[in-house]
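Following: one structure in structure tokens, then a few remarks.
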Amino acid sequence: MNENLSLKQKNTKIVKILVLVVIGMFGFGYALVPLYDVLCDLTGLNGKAESVAAKEIPYQVDMTREVNVEFITSLNESTPIVFRAETKQLKVHPGQYQTVYFYAKNMTDKVMNATAIPSFSPGIVGEYFKKVECFCFNQQTFKAGESKRMPMRFAVKPDLPKDLKTITLSYTFFDNTKAAVQN
């Protein structure tokens, strides 16, 4: 009988531990996004881009340097559009403004709302890359079958560290039609 009581106490202790583990896992999952943002800010990984236009201020163009800017596009798995950069890469002098275009086409027979989310690699370049015009600043609405040529105007600031010779700007388009309808 004493052995059964001991076994019951052990089982109760294990259940309590497992409940605490589940609560801890839920708490960690809830805190994961803010923790990820802090980690990215500290390490400079997964550079996030600003979501508002900067003023086009004249910079002193550094004609002695060239920086290779690469443009990559991708789609969220459930986004039914064609999306690509018309210019895959471009050599720029820091301080010089450039305009590049992106192409997107709604492949459905319905109106669709989509948002492009930018990110940089290496992450630190986000503070040196100034966009004065970008389709990513606003949600894009596409009519059924509609295609758009969308501009992005930018400059790489002249104070970009000299060891950074390549900047990769990546855009991912997300279909947020359902979210737009609910608002």
> So is S119 under 18 Å from the mean Cα position of the chain (by Cα) and either of a type outside the set (S, T, Y) or at negative phi (or both) or not?
Replying inline: yes
> Can you name the condition, by its number, that Q98 falls short on among (1) open to solvent by 30 Å² or more (accessible area, probe 1.4 Å); (2) at pLDDT below 95; (3) under 15 Å from N68 (Cβ atoms)?
Replying inline: (2)
> Among the residues of the stretch 114-125 satisfying the criterion of being of a type in the set (G, A, S) and crowded, with 20+ Cβ neighbours inside 10 Å, which is nearest to S147 (Cα to Cα)?
Replying inline: A114
>> Quick check on T73: is it modelled with pLDDT of 80 or more, closer than 23 Å to K165 by Cβ and polar (S, T, N, Q)?
In response: yes
> Residue check, T115 against (1) touching a helix residue (DSSP H, G or I) at 6+ places or on another chain (Cβ under 9 Å); (2) β-branched (V, I, T); (3) more than 16 Å from T172 (Cβ to Cβ), all met but one. Which one?
Replying inline: (3)
> Counting only residues that are over 30 Å from F142 (Cβ atoms) and either open to solvent by less than 50 Å² (accessible area, probe 1.4 Å) or not in a loop (DSSP other than H, G, I, E, B) (or both), how many does the stretch 62-89 have?
Replying inline: 4
> Can you name the residue in the stretch 159-183 that is part of a helix (DSSP H, G or I) and surrounded by fewer than 16 Cβ atoms within 10 Å (Cβ to Cβ) and, of all such residues, is modelled with the highest pLDDT?
Replying inline: K178
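The values are calculated or read from the model by the stated rules, or taken from the named source; none is laboratory data. What you see is a predicted model, and the numbers here were worked out from it, not measured in a lab. Backbone-built Cβ (ideal geometry, glycine too); neighbour counts: all protein chains shown. Ligands, DNA and RNA are excluded from the accessible area calculation, which covers all protein heavy atoms including side chains. Shrake-Rupley method; radii C 1.70, N 1.55, O 1.52, S 1.80 Å.
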